[in-house]
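Readers should treat all values here as calculations from the given coordinates under stated rules, not as data from a laboratory. Please read all numbers here as calculations on a predicted model, not as lab measurements. Here the Cβ is made from the backbone with ideal geometry for all residues, glycine too, and neighbour counts use every protein chain on show.
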């Protein structure tokens, strides 16, 4: 039986290298330390950070930034970052891939809804009066008000906001 030839897409790898955090995939030697500590990999077979990094090494753009990409299953816990012996920073590579997917307009529809809610309210989940009552019952402080106008400024011009804080 003939083995299938593996074709590496170096153009995609170059693109990934230019996205912040993306270049670290180049250091992965597939040891699986990231998988051993990953909570998402523990609960779903669809997510495996080692496989994601292998696909990045092979330049498999559609598999990583397409509509059915497993990158969205990452919990962003940073456990892989702490465990990796090669300083690959798998979470940063995955975040870079997520950014690329968003640029390609291939992010899940639920992400757009979540992003819109954060832009409008400053929070990812709607805080209802029931939540506020329950927090009061538990003796928790009220949820701080988000300065929406300041948030809008940052979202409209993130580079300008970074310069202002210097």
Diffusion coefficient, µm² s⁻¹, Stokes-Einstein with Kirkwood Rh over alpha-carbon pairs of the chain at 37 °C and 0.692 mPa s: 179
One finds the C-alpha centres of segment 1-54 and segment 96-118 to be spaced, in Å, by 20
Fewest-first ranking of 53, 151, using other Cβ atoms within 10 Å as the exposure measure: 151, 53
Under the 7 Å Cα-to-Cβ spin-label approximation, residue 132 and residue 18 lie apart by a distance in nanometres of 4.8
Fewest-first ranking of 106, 144, using other Cβ atoms within 10 Å as the exposure measure: 144, 106
Taking N as the number of residues in segment 10-103, what is its Cα Rg relative to 2.2 N^0.38 Å? 0.95
